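These notes are about the structure you will find just below.
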């Protein structure tokens, strides 16, 4: 028998159940109109495989006055993560779905849940909502874990971790993973943790317990007690700093200073930024016009995403770091500047009928521009 004669009935047999399922679904959708089968399943099994990845909030645990850990049961399609990675989480606030990135802060959990720890920032719509408004049982939207701020294997003999404020969040996930093992690693770890005040220090009790158990050396720096961290003292605080693999996460100002310190000494530093470093003096701005007729003035140093949101324009967004492409919009004409490197993108009317896609989270007006949004 030829291969063709064998394959034909196989294709027919495999197609019949699929066509039958399609017919059954069509009948069910018609019976449920204006709802669909998926609408019903979203209520009874929202964490099932197949649809967009979701999670159900299990607990909201206060860490400080303005920070909380959100424990989430992820949908069946959750693929796991490496300690130090982040995820995008989408929440609906006043009928608008907003996306933000947060580091995963848990180690191995027998219950399969995941966690993020969020600090509410001034005027932070999503962070404030997660810290103060969400409740157990609510659903959130998730993306798979991403990011390369992870520890290498095999582990270095000696590590320095420098964190500030909520920059501790990816590092606590690393530490929880390392010290949950039956045989903790032999790596010599020093953690320099910076906060404005002691009450602001997230996970301080857990970090002190790790230090008391001999798992790491903890150097706590509080600005109100010790003054702003002076990197000229780094070699005093960590005498063998040049012999340690270094990892840092925190505000851009600290990371910029650390990168300069390490570069001047020819040393390597692995950093994680919650916002991309942007040009401080980017030049002249302009107007940003939208398809609905809205026009706003924008300076040359503020991302279009931030300027539009401040003016009340609903904008697509994601990581806000120029990575995920969740904020991309087509520019029909005008000029914008990439705030990471100063590159200018210019669109001449009629030259690109569909517009040129720009990332609004890292682009600022460099003259007048028109976005198709």
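The values are calculated or read from the model by the stated rules, or taken from the named source; none is laboratory data. Fair warning: this is a prediction, and the values are worked out from it, not measured in the lab. Neighbour counts are summed over all protein chains in view; Cβ atoms, including those assigned to glycine, are modelled from backbone coordinates with ideal geometry.
Of note:
- Under the condition of being crowded, with 16+ Cβ neighbours inside 10 Å and either within 26 Å of residue 253 (Cα to Cα) or outside the structural domain of residue 244 (by TED's automatic domain parsing) (or both), the residues counted in the range 171-215 number 18.
- Here residue 254 does not fit the description of being in contact with a helix residue (DSSP H, G or I) (Cβ under 6 Å, 6 or more places away or on another chain) and modelled with pLDDT of 85 or more.
- Unique match (being modelled with pLDDT of 90 or more and assigned by TED's automatic domain parsing to the domain that holds residue 343) among 295, 238: 295
- Residue in the range 209-225 that is closer than 18 Å to residue 160 by Cβ and in a helix (DSSP H, G or I) present: yes
- Boolean, residue 84 is without any contact (Cβ under 8 Å) to a residue 40 or more places away in the chain, part of a loop (DSSP other than H, G, I, E, B) and either at positive phi or surrounded by 20 or more Cβ atoms within 10 Å (Cβ to Cβ) (or both): no
- Among the residues making up the range 136-183, a single one is within 20 Å of residue 63 (Cβ to Cβ), at pLDDT 95 or above and more than 21 Å from the chain's Cα centre (by Cα): 136.
- Selection status of residue 254, touching a residue at least 40 places away in the same chain (Cβ under 8 Å), more than 28 Å from the chain's Cα centre (by Cα) and over 23 Å from residue 176 (Cα atoms): no
- Qualifying residue in the range 99-121 (condition: more than 22 Å from residue 202 (Cβ to Cβ), within 12 Å of the chain's Cα centre (by Cα) and either outside any loop (DSSP other than H, G, I, E, B) or not assigned by TED's automatic domain parsing to the domain that holds residue 322 (or both)): yes
- Filter result for residue 155 (under 30 Å from residue 235 (Cα atoms) and part of a loop (DSSP other than H, G, I, E, B)): yes
- Scanning the range 343-351 turns up at least one residue that is more than 27 Å from residue 147 (Cβ to Cβ), crowded, with 19+ Cβ neighbours inside 10 Å and modelled with pLDDT under 90.
- Qualifying residue in the range 337-354 (condition: more than 30 Å from residue 170 (Cα to Cα), in a strand (DSSP E or B), in contact (Cβ under 8 Å) with a residue 40 or more places away in the chain and not assigned by TED's automatic domain parsing to the domain that holds residue 95): yes
- Among the residues of the range 186-199, at least one is more than 26 Å from the chain's Cα centre (by Cα), under 22 Å from residue 241 (Cβ atoms) and not in a strand (DSSP E or B).
- Residue in the range 257-271 that is part of a loop (DSSP other than H, G, I, E, B), under 25 Å from residue 161 (Cα atoms), touching a strand residue (DSSP E or B) at 6+ places or on another chain (Cβ under 8 Å) and at pLDDT 85 or above present: yes
- Total residues in the range 336-353, condition touching a strand residue (DSSP E or B) at 6+ places or on another chain (Cβ under 6 Å) and within 18 Å of residue 291 (Cβ to Cβ): 3
- In the range 122-131, the qualifying residues are those that are without any contact (Cβ under 8 Å) to a residue 24 or more places away in the chain and over 15 Å from the mean Cα position of the chain (by Cα), and the one that is surrounded by the most Cβ atoms within 10 Å (Cβ to Cβ) is 128.
- Within the range 244-256, the residues that satisfy the criterion of being in a helix (DSSP H, G or I) and under 20 Å from residue 174 (Cβ atoms) are 254, 255.
- Hits in the range 241-251 - residues which are farther than 16 Å from residue 157 by Cα and modelled with pLDDT of 95 or more: 248, 249
- Test for residue 364: is it under 28 Å from residue 143 (Cα atoms), touching a residue at least 12 places away in the same chain (Cβ under 8 Å) and either surrounded by 20 or more Cβ atoms within 10 Å (Cβ to Cβ) or in contact with a strand residue (DSSP E or B) (Cβ under 6 Å, 6 or more places away or on another chain) (or both): yes
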